Amino acid sequence: MTEIRYIKAVNQALWDAMEADPSVFLIGEDIGAAGGSFKATRDLLDRFGPERVYDTPISEAAIAGMAVGAALTGMRPVAEIMFMDFTTLTMDMLVNQAAKARSMFGGQGSVPMVLRTPHGGGLNAGPQHSQCLEAWFAHVPGLKVVCPANPADAYGLLRAAIDDPDPVIVVENKALYAMKGDLPDAPEARERIEIGKGRIVRPGHDATVVAYGAAVTMAEAAAANLAGEGIDVEVIDLRSLQPWDEGLVLESLSRTHNLVVAHEAVEAFGIGAEIAARMADIGFDELDGPITRVGAPFAPSPFGKTLEDAYRPNAERIEAALRRTLA
Amino acid sequence: MKLTELADLYRRMLLIRRAEERLQKLFADGQVPGFLHLSIGQEAVPVGVSSALSDRDTVSSNHRGHGHTLAKGVDLTGFFAEILGKATGLCKGRGGSMHVADLSKGMLGANGIVGAGLPITTGSALAHKMQRQGHVAAVYFGDGALAEGVLHECLNIAKLWSLPILFVCENNGWSEFSPTDRQLATNLEKLGKAFAMKYRSVDGNVIADVAAAAGKLVGPMRRYPAPAILECRTTRVRGHYEGDRQDYRDAGEIAALEARDPIRLAAEALAEAGAAPDLIAGIAAEVDAEIEAAAEAALAAPLPKSADILADVYTPAEV
Ligand SMILES: Cc1ncc(C[n+]2csc(CCOP(=O)(O)OP(=O)(O)O)c2C)c(N)n1
Ligand SMILES: [Mg+2]
C-alpha cells in the first residue's frame, strides 16, 4: 500500500485505464502539457502522447459533443470539464445527446464516455467556481452519476465509470483533492467499485445519515460527536447518485428508524429531496421521526470567507439535524 | 460522369423523393405521429455526398434528415417503420423522424437540436483519425445552424487538429420562417477563410456537381486528414414542416422552384447523356414498387409495447 492523495488516485485510475485499453483517451482544457488545472492528468501526456491526451481550446460544448461522437465511433473518451460550473455549457451534449442516444436509437449502441468534473466549495472560488450541480444530471434518464468521497473510491469509481458502456458523470470534490488514503501498489490489486452501490462507513443503531462527497467526512464527525452522548449513528456513503443504492438505505432505515440526508449541494430540489421522498414512501412504516436534510441554503455560493463558511454544510449542522430527527 | 453512374445516383435521389412523397401522404392521412420535416428539393446533396462515402464512414444529420439517412443505405422498411413509430423501426419506434439512426451504416443519427450533429461528427472524425483506417466523417447542417456557437467551436477544432471531416451545409435560404440574411452577419465562405479551411460552393441541386465536389474533398482526407467545407445551394420546396402554409414566402420564389428541381435536372442530364427513354420510367417503376412494399410492411407492423418503456435507457449488465 502507498498513501496517496485523492487527486493522485484520479491520476492513477486514468493511467491504469489508458494502459489497459488503447481506446481510452483524454480530452479537456489544459489537461496535457499543464497536467490539468488540479493536476489530475499530470504526466499522462508524456506517457501516452498527444494522440491520447488532447488539450482543447476553451470549447466545452465541443469537448462534450466530441466525446459523444468518438464514443459512438468505438472509442472511450474521458473528458474533463475544469469546474462543474462550466458543465452548463455542455448541457445539450450531455442531456440531449449522450443521455438519449442509446434509448432513442432503440438500443443499437451506447455512449461509453466519462465526464469528470470537480464541484464544491471551500476554496473561496466564488459563485461560478464552487457549485454542486449533480442533481441536474441525476435527473436525466440515461446518465449515471458518481461522487467519490475518498482516494480509494476516486480510483475505483473512475475505473468503473470508464469501463461502463453508458455515459457517466464523475463528480470529484475540490476540497477533497488533498485528502490522503491508501492505494495498493500492484495495479491488479486496485479495485473497481460497482456503480450503484453505497457503503456503510460507520455502523450504528439510532439514526442513519446518508451522505456523499465532502459531506461523508462531516457526517462521520457528527457521528463521533454524538457517540460521546451515547447516540449511535450509522453513516452511509452513497458513492453513486444515479443509480443510488435504495436497498442499502432502506435496510439501514429499517434498523435505525431515523434518517438524515446530507450533501454540500443546495438543499432544495436536491439529491436529498429524492432520497427523502423515496424513503417517506417505501420506508414510511420504519420511520420514527421526520426525515431531515442538510444542504446549502438557497443562495448562490458566496465568495468571502465568513459567507462561504456559513454557506457550506458542516458536522454541526448534521448533528443538529440528527437531534431534530431524534427529538 | 458515366451514364450508369448517373443513373444510379438518379435512382437514389428518386428513392428519397418518392419516400418523402409517400410520407407526405401518410402524414396528411394522420398516420405519422409528431413533426415531419421533408427535404423535397434537396435530394442531390445527400446522394452526391454519400457517393463519396462508405459504410464505415460516419455521418450525422439534423431535423431534415430523411435524405441523409436513406442515402447512407439504411433499410427502407425499418426507415418507414421508425417514422410511423412502429416496433420494427430502425430505432424500435423510440426516435421517429427527427432521430432516425443506423449505427451499422455509420449513420449516427438525425437530430432535433439545431447544430448538435456538428460536435458529434467532429468527435467521430477524431475517432477515425485515431483509428487510422482512412475513414472520414461528414455532417449535414442547414444555414440556420451557422448561427449556433458550437459550429464555430467545431470549425476551429477541426482545423487545429486536422480532422477528416466534411462540413456539408445545405443552404436553402431559410431557417424555419426566417430568411438566412436576417440570421447571419457573414457567410460560410468567409467563415471557411477565417479558419483557413478548404471550401467549395456548388449548386446543390445538380447531382453531378455535388458528387464531383464531395469526391474531390473527401478523397484526399482519407490519407491526409484535414477538414473541408462543402456549401450546397439548394431549395426547400415544402414548408418548414408539414402543415406549414408558407405564407411568408413570395410567389416568385415558389414559382422558381420547379425549374431547379434536382430530380428533373438529373433526368435531363440523363437524357443528355444518352439514356434510353424507358430507362427513367424503368427506374421509377422499380423505386415505386420498393417504396410501396416498405410502406405497406411498416403500416402492418406492430406498435411498440408500453411495457418496454424502460428498455434501453441503460445497457443491461452482462450476465
Ligand atoms: C437548438 C435549437 N433551436 C431551435 C430549434 C427550432 N428549429 C428547428 S429547425 C430550425 C431551423 C433550422 O434551419 P436550417 O438549419 O437552415 O435547416 P432547414 O430547416 O432549413 O433545413 C429551428 C430554428 C431547434 N430544433 N433546436
Ligand atoms: Mg435552412
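The values are calculated or read from the model by the stated rules, or taken from the named source; none is laboratory data. Remember, it's a predicted structure, so these values are computed and weren't measured experimentally. Every residue, glycine as well, gets a Cβ built from its backbone with ideal geometry; the counts of neighbours run over all protein chains shown.
Points worth noting:
- B:Leu151 being within 16 Å of ligand 2 (Cβ to nearest atom), within 14 Å of chain A (Cβ to nearest Cβ) and not β-branched (Val, Ile, Thr): yes
- Close pairs (8 angstrom Cβ cut-off, 6 or more residues apart or separate chains): more than 13 Å from A:Tyr155 (Cα to Cα) in the range A:1-23, at pLDDT 95 or above and of a type in the set (Phe, Trp, Tyr) anywhere: A:Met18/A:Phe25; A:Met18/A:Phe48
Quick grid of which residues meet (1) crowded, with 21+ Cβ neighbours inside 10 Å; (2) in contact with a Cys (Cβ under 8 Å, 6 or more places away or on another chain); (3) over 28 Å from A:Val168 (Cα atoms); (4) small (Gly, Ala, Ser):
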{"position": "A:Val216", "(1), (2), (3), (4)": "yes, no, no, no"}
{"position": "A:Gly230", "(1), (2), (3), (4)": "no, no, yes, yes"}
{"position": "A:Leu248", "(1), (2), (3), (4)": "no, no, no, no"}
{"position": "A:Ala268", "(1), (2), (3), (4)": "no, no, no, yes"}
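- Number of the exception - B:Lys72 against (1) closer than 28 Å to A:Pro77 by Cβ; (2) within 12 Å of chain A (Cβ to nearest Cβ): (2)
- Residue in the range B:24-41 that is out of contact with any Phe, Trp or Tyr (no Cβ under 8 Å at 6 or more places or on another chain), of a type outside the set (Phe, Trp, Tyr) and under 30 Å from B:Ala127 (Cα atoms) present: yes
- Residue count for the range B:246-275 under the criterion of being on the phi < 0 side of the Ramachandran plot and within 16 Å of ligand 1 (Cβ to nearest atom): the result is 7.
- Test set (1) farther than 26 Å from B:Ile40 by Cβ; (2) surrounded by fewer than 21 Cβ atoms within 10 Å (Cβ to Cβ); (3) away from every other protein chain (no Cβ under 14 Å) - B:Asp203 fails condition number: (1)
- Candidate set: the range B:129-143, residues that are out of contact with any Pro (no Cβ under 7 Å at 6 or more places or on another chain) and in a loop (DSSP other than H, G, I, E, B); chosen: the one farthest from ligand 1 (Cβ to nearest atom): B:Arg132
- Which listed residue, of B:Gly123, B:Gly89, is buried (at least 23 other Cβ atoms within 10 Å of the Cβ), part of a loop (DSSP other than H, G, I, E, B) and more than 16 Å from ligand 2 (Cβ to nearest atom): B:Gly89
- Any chance B:Met98 is surrounded by fewer than 23 Cβ atoms within 10 Å (Cβ to Cβ) and away from ligand 2 (no atom under 16 Å from the Cβ): no
- Helices (runs of 4 or more DSSP H) contained in the range B:1-83 and holding at least 2 residues surrounded by 24 or more Cβ atoms within 10 Å (Cβ to Cβ) and within 16 Å of ligand 2 (Cβ to nearest atom): B:44-50, B:66-71
- The range A:84-111 - residue that is more than 7 Å from chain B (Cβ to nearest Cβ) and part of a loop (DSSP other than H, G, I, E, B) and, of those, farthest from the chain's Cα centre (by Cα): A:Lys100
- Set side by side, the residues B:Leu163, B:Leu184 differ, and just one is more than 10 Å from every other protein chain (Cβ to nearest Cβ) and in a loop (DSSP other than H, G, I, E, B), which is B:Leu184.
- Members of the range B:266-317 that are within 14 Å of chain A (Cβ to nearest Cβ) and among the acidic types (Asp, Glu): B:Asp308, B:Asp312
- All conditions in (1) surrounded by 23 or more Cβ atoms within 10 Å (Cβ to Cβ); (2) more than 16 Å from the chain's Cα centre (by Cα) hold for A:Leu123, with the sole exception of (1).
- Restricting the range B:93-116 to residues that are within 10 Å of chain A (Cβ to nearest Cβ) and among the charged types (D, E, K, R), the residue that is nearest to ligand 1 (Cβ to nearest atom): B:Arg94
- Number of the condition not met by B:Arg245 [criteria: (1) over 21 Å from the mean Cα position of the chain (by Cα); (2) surrounded by 13 or more Cβ atoms within 10 Å (Cβ to Cβ)]: (2)
- For the range B:117-147, the set of residues classified as among the charged types (D, E, K, R) and more than 9 Å from chain A (Cβ to nearest Cβ) consists of B:Arg132, B:Asp143, listed by residue number.
- Residue-level check: of (1) closer than 30 Å to B:Asp312 by Cα; (2) more than 14 Å from chain A (Cβ to nearest Cβ), B:Ser61 misses just (2).
- Scope the range A:44-67; condition out of contact with any strand residue (DSSP E or B) (no Cβ under 7 Å at 6 or more places or on another chain), among the aliphatic types (A, V, I, L, M) and within 8 Å of chain B (Cβ to nearest Cβ); matching residues: A:Ala61, A:Ala62
- Any hit, the range B:208-227, residues being exposed (fewer than 15 other Cβ atoms within 10 Å of the Cβ), away from ligand 1 (no atom under 16 Å from the Cβ), touching a residue at least 60 places away in the same chain (Cβ under 8 Å) and within 17 Å of the chain's Cα centre (by Cα): yes
- Checked against the criterion of being within 14 Å of another protein chain (Cβ to nearest Cβ), surrounded by fewer than 24 Cβ atoms within 10 Å (Cβ to Cβ) and not in a loop (DSSP other than H, G, I, E, B), the range A:15-24 contains one or more residues that satisfy it.
- Just one of the listed residues (A:Asp55, A:Asp153, A:Asp92) is within 24 Å of A:Ala214 (Cβ to Cβ) and charged (D, E, K, R), and it is A:Asp153.
- Residue in the range B:101-113 that is modelled with pLDDT of 95 or more, aliphatic (A, V, I, L, M), surrounded by fewer than 18 Cβ atoms within 10 Å (Cβ to Cβ) and within 16 Å of ligand 2 (Cβ to nearest atom) present: yes
- The set of residues in the range A:181-209 being more than 17 Å from A:Asp237 (Cβ to Cβ) and touching a residue at least 12 places away in the same chain (Cβ under 8 Å) consists of A:Leu183, A:Pro184, A:Asp185, A:Pro187, A:Arg190, A:His205, A:Asp206.
- Criterion (farther than 26 Å from B:Lys105 by Cβ and more than 14 Å from chain A (Cβ to nearest Cβ)) met by exactly one of B:Ala212, B:Ala196: B:Ala196
- Looking only at residues in the range B:159-196 that are farther than 16 Å from B:Ala145 by Cβ and surrounded by 17 or more Cβ atoms within 10 Å (Cβ to Cβ), the one that is farthest from ligand 1 (Cβ to nearest atom) is B:Trp161.
- Scan of the range B:147-163 for residues that are within 19 Å of the chain's Cα centre (by Cα) and within 24 Å of B:Ala212 (Cβ to Cβ), ordered by number: none
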